Amino acid sequence: MDLLKTLVDKGLRRELPTRDEALAVLATSDDDLLDVVAAAGRVRREWFGRRVKLNYLVNLKSGLCPEDCSYCSQRLGSTAGILKYTWLDAEEASKAAAAGLAGGAKRVCLVASGRGPTDRDVDRVSKTIEAIKADHEDVEVCACLGLLSEGQAERLRAAGADAYNHNLNTSKATYGEITTTHTYADRVDTVQRAQGAGLSACSGLIAGMGESDEDLVDVVFSLRELDPDSVPVNFLIPFEGTPLAREWNLTPQRALRILAMVRFVCPDVEVRLAGGREVHLRTLQPLALHLVNSIFLGDYLTSEGQAGQADLEMIADAGFEVEGAGTTTLPAHRADVPAGGCGGHGSAEDSGAPAHACGSGASGGCGPCGGADAEPEVPAAREAGEARTDLVAVRRRGAGTDVAPNA
Ligand code: SF4
């Protein structure tokens, strides 16, 4: 297919595809799916080999958020039966992080629900970062605390944070339909504050909220312009008790096409398969490893994920390897730039863009939380708009509980 040859050539040169080319990837048929995966896989291997970076979410503060992000189980008015607790202290958070690191995670993502941190919250998280780094010298720590105010990114950086996550989530044009309590511009501002403080920016999207192909391309092109180092791709976990509980409109094939499109637009960026992979990709999860170079290990913020051991076995069975602490995730041309970005620096063309919905979307992050069930049972037939409580399991273990995590 000429389209795929063109996209591979551009990806190997770190050149931005056209919007039409990105849209064409989303429009390919299921018959062409393996060709699309193979083509994007060539680009993935060029920049990241067969390495898979593991990330581990620690939900420092769960639920009770005053914001109204429609996708989020922690939102104002959510009746989802999630865990609700206020700030874990440094020792509790460090213990939770240790479980993920023992499972092979290289990065710990410290997430808290809420519009954004107070200066006192930044102090708390700073102590937690210091505690984790005292015990684990090589760990990467990413904070995801919502909208940042003046000076907060710098304080987190000074405390040892390596990265900050804030997702754009969806296109600028449709952002107001998803959230009314803050704006797309607020999200862009926070990502830029993080970059300005020398933090590695992490910003991504949530697919499956009813958006069009054009919206998806818009948000990914915006991310490329904003130039984060990592782009988490979440697939909506439609939690009962949230406004998007009936948005079951992704297939495993579409999820793979979306990931391929993101890889072509952001060829040399850490593309992370985030919340919803178990729910929407199901048995096709291993194919996604040919597209992304990063995943979350174990559970998400408010929902259960596949067991950490199952993640490790999937990676090995698919012929990939877990990225070790001694390896730099990003290609050299990006790793040398403190706050590099999506596809960008020095590439032939930089287009480029403007999240608490933190992201880790994983339904995470302040995230749009969501996650999935360990080994979901998939009914033979399902109807659009039907609730799928069989696929979404609320997290009842790990951080904030007395039960061991599944990392
Ligand atoms: S995504 Fe973050 S800001 Fe939005 S409702 Fe959820 S916890 Fe609150």
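The values are calculated or read from the model by the stated rules, or taken from the named source; none is laboratory data. This is a predicted model, so every value here is computed, not measured. Reconstructed Cβ throughout: ideal geometry from the backbone, glycine too, with neighbour counts over all protein chains shown.
If I filter the stretch 9-25 down to residues being hydrophobic (A, V, I, L, M, F, W, C), buried (at least 18 other Cβ atoms within 10 Å of the Cβ) and within 22 Å of the chain's Cα centre (by Cα), which single residue comes out as farthest from R254 (Cα to Cα)?
Step one: list which residues in the stretch 9-25 are hydrophobic (A, V, I, L, M, F, W, C), which gives 12, 16, 22-25.
When the remaining residues are screened for being buried (at least 18 other Cβ atoms within 10 Å of the Cβ), the result is 16, 22, 24-25.
Okay, now just the ones that are also within 22 Å of the chain's Cα centre (by Cα), so 16, 22, 25.
Values: L16: 22, A22: 14, V25: 10 Å.
Only one residue fits best here, namely L16.
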Revision key, fill the gap. Matching residues in the stretch 45-58 (crowded, with 24+ Cβ neighbours inside 10 Å and either near the ligand (Cβ under 10 Å from one of its atoms) or more than 24 Å from A207 (Cβ to Cβ) (or both)) number 1
**Study point:** Candidates Y164, Y56, filtered to the one that is at pLDDT 95 or above, over 21 Å from G400 (Cβ atoms) and assigned to a strand (DSSP E or B)
**Key:** Y164
Review point. Of all residues in the stretch 84-122, how many are in a loop (DSSP other than H, G, I, E, B), away from the ligand (no atom under 13 Å from the Cβ) and under 20 Å from the mean Cα position of the chain (by Cα)?
Key: 4
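If I go through the stretch 287-307 residue by residue, how many of them are under 17 Å from the mean Cα position of the chain (by Cα) and either farther than 21 Å from L34 by Cβ or assigned to a helix (DSSP H, G or I) (or both)? Don't jump to the end; show me each part of the working.
Keep residues of the stretch 287-307 that are under 17 Å from the mean Cα position of the chain (by Cα), which gives 288-306.
Adding the requirement that they be either farther than 21 Å from L34 by Cβ or assigned to a helix (DSSP H, G or I) (or both) leaves 288, 294, 296-306.
The qualifying residues number 13.
Looking only at the stretch 167-209, how many residues end up being part of a loop (DSSP other than H, G, I, E, B) and among the basic types (K, R)? Show your work before the answer.
Residues of the stretch 167-209 that are part of a loop (DSSP other than H, G, I, E, B), as a first pass: 167-168, 170-174, 179-183, 197-199, 203-204, 208-209.
From the residues that got through so far, the ones that are among the basic types (K, R) too are 172.
Selection size over the stretch 167-209: 1.
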Practice item. Run down S62, S70, S113, S94 and say which single residue is over 30 Å from E321 (Cα atoms) and in contact with a helix residue (DSSP H, G or I) (Cβ under 6 Å, 6 or more places away or on another chain). Key: S70
Review point. Does any residue in the stretch 1-30 that is within 11 Å of F264 (Cα to Cα) come within less than 7 Å, Cβ to Cβ, of a residue that is small (G, A, S) and part of a helix (DSSP H, G or I) six or more places away or on a different chain, and which pairs are these?
Key: L4/A39; L7/A39; V8/A39; V25/A260
Review point. G81 fails exactly one of the following numbered conditions: (1) modelled with pLDDT of 95 or more; (2) over 22 Å from the mean Cα position of the chain (by Cα); (3) closer than 30 Å to H182 by Cα. What is the number of that condition?
Key: (1)
